[in-house]
Amino acid sequence: MSGTWPTQTQRLTLAQLADILVAEGLGMPAASAVGVADGLLDRCLDAAPALAEPLKALLDEAQHSEPDAFVRQLAEHRPDDFTVLSTAVVGAYFLSAQVRRLIGYPGQQPSPLSVAGEPDYLDMLERVYERHPGHQEYP
Amino acid sequence: MRRPQPGVAADVVIVGSGASGAVAAAHLAAAGFEVVCLEQGDWTGPADYMSDRPEAELAWIEKWSPDPNTRRGPADYPLTGEADVRPVMYNGVGGGLVQWAAMWQPLLASDFKARTLDGVADDWPINWSDLAEPYAQVAREMSVSGLGDDPALPELEPYPNPPIPIGRIGMAAARGMDRLGWHWWPGSNAIASRSHRSLQACQRRGTCMMGCPENAKATPSLTHWPSALAAGARLVTGARVAQIPIDERGRARGAVYLDRDGVEHLQPAQVVILAANAVGTARLLLLSASPRFPDGLANSSGLVGRRLMQHPYRTVTAVCEDFLDSWQGPWGQSIYSLEFAETHPDRDFVRGTKWMVMPHGGPMFAAAEYQEAHRHEGFDAVWGPAFHRAGAEVFGHAFTWGIQAEDLPEDANRVVLDPAVRDSSGLPAARIEYRVSDNTRRMLDFNVARAVEAAEAAGAASTMVRDIWPTGIGHVLGTTRMGDDPRCSVVDRWCRAHDVANLYIIDGGVFVTGGSANPTATIMANALRVVDHMIQSRASQEVPS
């Protein structure tokens, strides 16, 4: 992709579009407030580089449109383009440490399991055994 | 140890290094065979995994997508065509087991007798008992964790590791099944619940399908290739097989492959084993058409590529008020149910389904699930301020019943060569023609309704139901079926091609019916059964001139 991407104009456009998808509410910040159009976008595109080219085209196109109407017409009539935009926005949003903290998500962290002791479902499993007719043999 | 040299005839050349190819390579090499395996992809290891990075969910949509048309890796070949369900696969050392969820599920005894019991499809030429010992052996090799004695299954040798704790999601789902009086059982997975053989204990990270950084999930690069290579097998990566050439007597001479630079090589061999999955193997046989075999190699029955089966899949996600810790892994099966796996005379379909409980993954996956379920309510129901409902209501509070249906073998569901699209080596792409049958749709409708009941019995405040997934779940079966009659099967009961005496097929293509179980346990067990027979009967094996 030639030139500097994303430009400040493109980031600004993305911030406007992103806030229509992920607005402030239920105690959660809007997308632009956590930097979806800034460093988080760069991390998002690094992980999913195929989003970059169609997203760039969308942002260039959106500069000439009213943001709310643009997003809604994508959602209604251009599902593939809407998927590009929403994936970039949602993907970047959940990379935010602030957002993760607010939803109580530590990430996919390792957490050792223990197989010591008896599981607490054995009484239910006994009932499976009692009511099941057993498998049938077929010679 | 005899390590075959490049260009020198091997005893056996195997095409594909995944579930079945790895079993064959390890056991044949251990028995003293000179083995060469040709793999079009490369090694994938912890350095490639995204599982321990915050970007893991984003990686799933592209770099780690199971769909080769999305992933577009250098080893991937295009899948074209209009299909209700498009196959997914991984092309590299380990094959689909690089990305699998590691659910380990033997077939039912009845799965081998669909014609006798239900008057549909065909019976297998083998029975469950023929796979009993191989099932036990490969379960040990794959460090399976699980609980034996499931009354819905024939008697199994105990799994080598205790079951992974079913977690809060499993307990919630099990209570629902208990209230309804329906079958459920703790999940069996090829994920080590404790350190075992080459695997470390699971750390419940929950990103199993993007590679396990703890090396707790069984994959052939850990479980089979080290011993195969130590025993002398040679694994050639970046080797895309283009043709199986034949001699004047119609015997396979080896495999012709293109390396990464497009240079053509012949790997001669006494015996050829195809293990490239039910799409790749069918494609290769069709690519190997010749004047002697004008419709494709081993295709006198006309069945090569036909009867593709894929386990069409739907989900019901239960959203509960209780916190269920539901991004926590492993992303195998927490519990499973075979309540609706068998044909029942009161239902308007034959055969059945397997259900399994899984976590919902991270917040991006949970949000996607919410949006999919509520999209019909309009933009403002899922976007804007409402976007956060997914986080507030679903994230951490949901579990998913996955429902995989047995799709019956139908000739029209098939793999053919695409007349126009080619892969990066210039070989025709695989074109998929696949429709979900009315029987399968009725089966899934019935089961989804039952799964909603199960979710409600588990205390779900709401449920999210998804229609048939348009991309498959990595189960491709049936395109080179086995049977005793050469007129209506491609390989015999020992998976040797009826038409070519030194050509074997050991991937899921040989399945006569698909059952509803996740197929890897059976693919690996059958591969072991076949190679054990090859080893026993090596003296009588016909070879090329």
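The values are calculated or read from the model by the stated rules, or taken from the named source; none is laboratory data. Here the structure is a predicted model, which means the values were calculated and not measured. Counting neighbours? That spans all protein chains shown, and the Cβs are built from the backbone with ideal geometry, glycine included. The area values use the complete protein model at the heavy-atom level, side chains included, leaving out ligands, DNA and RNA. Shrake-Rupley method; radii C 1.70, N 1.55, O 1.52, S 1.80 Å.
List of remarks:
- Residue match in segment B:43-50 (condition: charged (D, E, K, R), in a loop (DSSP other than H, G, I, E, B), surrounded by fewer than 23 Cβ atoms within 10 Å (Cβ to Cβ) and modelled with pLDDT of 90 or more): yes
- Subset tally (residues that are open to solvent by less than 10 Å² (accessible area, probe 1.4 Å) and at pLDDT below 95) for segment B:79-103: 0
- On the stretch given as segment B:222-247, residues that are of a type in the set (D, E, K, R) and more than 22 Å from the chain's Cα centre (by Cα) total 2.
- Residue within segment B:336-344 that is within 14 Å of another protein chain (Cβ to nearest Cβ) and assigned to a strand (DSSP E or B) present: yes
- Qualifying residue in segment B:346-354 (condition: within 28 Å of the chain's Cα centre (by Cα), closer than 26 Å to B:Pro519 by Cα, within 13 Å of chain A (Cβ to nearest Cβ) and in contact (Cβ under 8 Å) with a residue 12 or more places away in the chain): no
- Residue check, A:Glu53 of a type in the set (D, E, K, R), within 13 Å of chain B (Cβ to nearest Cβ) and part of a helix (DSSP H, G or I): yes
- Number of positions in segment B:372-403 that are within 12 Å of chain A (Cβ to nearest Cβ), of a type outside the set (Val, Ile, Thr) and assigned to a helix (DSSP H, G or I): 12
- Residues being at the interface with another protein chain (Cβ under 7 Å from one of its Cβ atoms) and not in a loop (DSSP other than H, G, I, E, B) - total across segment A:68-109: 5
- A:Leu12 being in a helix (DSSP H, G or I), within 16 Å of the chain's Cα centre (by Cα) and modelled with pLDDT of 95 or more: no
- B:Thr522 vs. criteria touching a strand residue (DSSP E or B) at 6+ places or on another chain (Cβ under 7 Å), touching a residue at least 40 places away in the same chain (Cβ under 8 Å) and among the β-branched types (Val, Ile, Thr): no
- Members of segment A:43-58 found to be within 20 Å of B:Trp64 (Cα to Cα) and without any contact (Cβ under 8 Å) to a residue 24 or more places away in the chain, listed by number: A:Asp46, A:Pro49, A:Ala50
- Selection within segment B:51-64: residues that are assigned to a loop (DSSP other than H, G, I, E, B) and open to solvent by 10 Å² or more (accessible area, probe 1.4 Å). The member of this set that is farthest from the other protein chains (Cβ to nearest Cβ) is B:Trp64.
- Search result, residues across segment A:100-109 that are open to solvent by 90 Å² or more (accessible area, probe 1.4 Å) and either at pLDDT below 90 or within 20 Å of B:Pro213 (Cβ to Cβ) (or both): A:Gln109
- Any hit, segment B:109-117, residues being under 20 Å from B:Val530 (Cα atoms), in contact with a Gly (Cβ under 8 Å, 6 or more places away or on another chain) and either surrounded by fewer than 23 Cβ atoms within 10 Å (Cβ to Cβ) or within 11 Å of another protein chain (Cβ to nearest Cβ) (or both): yes
- Listed by first and then second residue, the pairs linking a residue in segment A:80-107 that is free of Cβ contacts under 8 Å to residues at least 12 places away in the same chain and at positive phi to a residue that is open to solvent by 20 Å² or more (accessible area, probe 1.4 Å) and part of a helix (DSSP H, G or I), with Cβ atoms under 7 Å apart and 6 or more places separating them unless they lie on different chains, are A:Gly107/A:Arg100.
- Reported count of residues in segment B:187-203, each being at the interface with chain A (Cβ under 10 Å from one of its Cβ atoms), surrounded by fewer than 24 Cβ atoms within 10 Å (Cβ to Cβ) and either within 22 Å of the chain's Cα centre (by Cα) or of a type in the set (Lys, Arg) (or both), is 1.
- As a summary of the residue check, B:Gly211 satisfies the conditions (1) within 20 Å of B:Gly361 (Cβ to Cβ); (2) modelled with pLDDT under 95; (3) within 10 Å of another protein chain (Cβ to nearest Cβ) except for the one numbered (3).
- Evaluating B:Asn69 against the criteria (1) in a helix (DSSP H, G or I); (2) crowded, with 24+ Cβ neighbours inside 10 Å leaves one unmet condition, (2).
- Selection status of B:Gly262, in contact (Cβ under 8 Å) with a residue 60 or more places away in the chain and open to solvent by 30 Å² or more (accessible area, probe 1.4 Å): yes
- Selection within segment B:98-125 - charged (D, E, K, R) and in a helix (DSSP H, G or I): B:Asp111, B:Lys113, B:Arg115, B:Asp118
Here is a yes/no grid of residues against (1) closer than 25 Å to B:Ala83 by Cβ; (2) in contact (Cβ under 8 Å) with a residue 60 or more places away in the chain:
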residue	(1), (2)
B:Asp423	yes, yes
B:Arg431	yes, yes
B:Glu456	no, yes
B:Arg466	yes, yes
B:Asp485	no, no
B:Ser489	yes, yes
B:Asp492	no, yes
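- Total residues in segment B:54-110, condition closer than 21 Å to B:Ala216 by Cβ and β-branched (Val, Ile, Thr): 2
- Segment A:110-138, subset more than 7 Å from every other protein chain (Cβ to nearest Cβ) and more than 22 Å from B:Asn161 (Cα to Cα), residue least open to solvent (accessible area, probe 1.4 Å): A:Pro133
- Residue check, A:Glu61 without any contact (Cβ under 8 Å) to a residue 24 or more places away in the chain, within 8 Å of chain B (Cβ to nearest Cβ), assigned to a helix (DSSP H, G or I) and open to solvent by 10 Å² or more (accessible area, probe 1.4 Å): no
- Residue that is outside any loop (DSSP other than H, G, I, E, B), in contact with a strand residue (DSSP E or B) (Cβ under 8 Å, 6 or more places away or on another chain), under 30 Å from B:Ala192 (Cβ atoms) and within 14 Å of chain A (Cβ to nearest Cβ), where the choices are B:Val316, B:Val357: B:Val357
- Members of segment B:154-184 that are facing chain A (nearest Cβ under 7 Å) and open to solvent by less than 20 Å² (accessible area, probe 1.4 Å): B:Pro154, B:Ile164, B:Ile166, B:Ala174, B:His183, B:Trp184
- Counted residues, segment A:16-39 - those being open to solvent by 20 Å² or more (accessible area, probe 1.4 Å), more than 8 Å from chain B (Cβ to nearest Cβ) and without any contact (Cβ under 8 Å) to a residue 60 or more places away in the chain: 6
- Selection over segment B:411-447 of residues that are part of a loop (DSSP other than H, G, I, E, B) and either open to solvent by less than 70 Å² (accessible area, probe 1.4 Å) or farther than 19 Å from B:Gln243 by Cβ (or both) gives a count of 10.
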